[in-house]
Amino acid sequence: MTTYHEFDHDQINAAIESARAHFSENNLAKMSATSDITGNTHMQLSGGCIKVTVENGKVCLSLPLGIGKICLPIPSVIPNGTAAQACLHICTTFGIPTGVEVNVSVAA
């Protein structure tokens, strides 16, 4: 049976809250109609890292924000049972979650 590793919900919620606080009503009120918002509305905040294990050439994760479960392929040179680390970043626009980015690292 496939093991789906989960990220810490408290860390995820803290990242989302940090983004919301950054784009709070006070900060948004400081923007004017002439403000250039093209480069400063997107943020990625760390949702934490977890230890994972390679199983059948993949690492399976349960992702937050209703995204669901996913299995990421791992190169075949990495044997099953290898310990790895998966790190999650919450992507936001104006402090609203819009997706995630996941990085899986295996020590060489």
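Nothing in this text is a laboratory measurement; each read-out follows from the coordinates by a stated rule. The structure presented is a predicted model; accordingly, all values stated were derived computationally and were not measured. Every residue, glycine as well, gets a Cβ built from its backbone with ideal geometry; the counts of neighbours run over all protein chains shown.
Structure values in brief
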quantity	calculated
For a label point 7 Å along the Cα-to-beta-carbon line of Thr2, residues of the range 58-100 with backbone N under 12 Å	58-63, 68-73
Theoretical gain in end-to-end length, Ile78 to Ile96 [0.36 nm per residue, Cα-Cα removed]	2.9 nm
Extension gain, Ala107 back to Cys71 (0.36 nm per residue minus Cα-Cα distance, nm)	11.0 nm
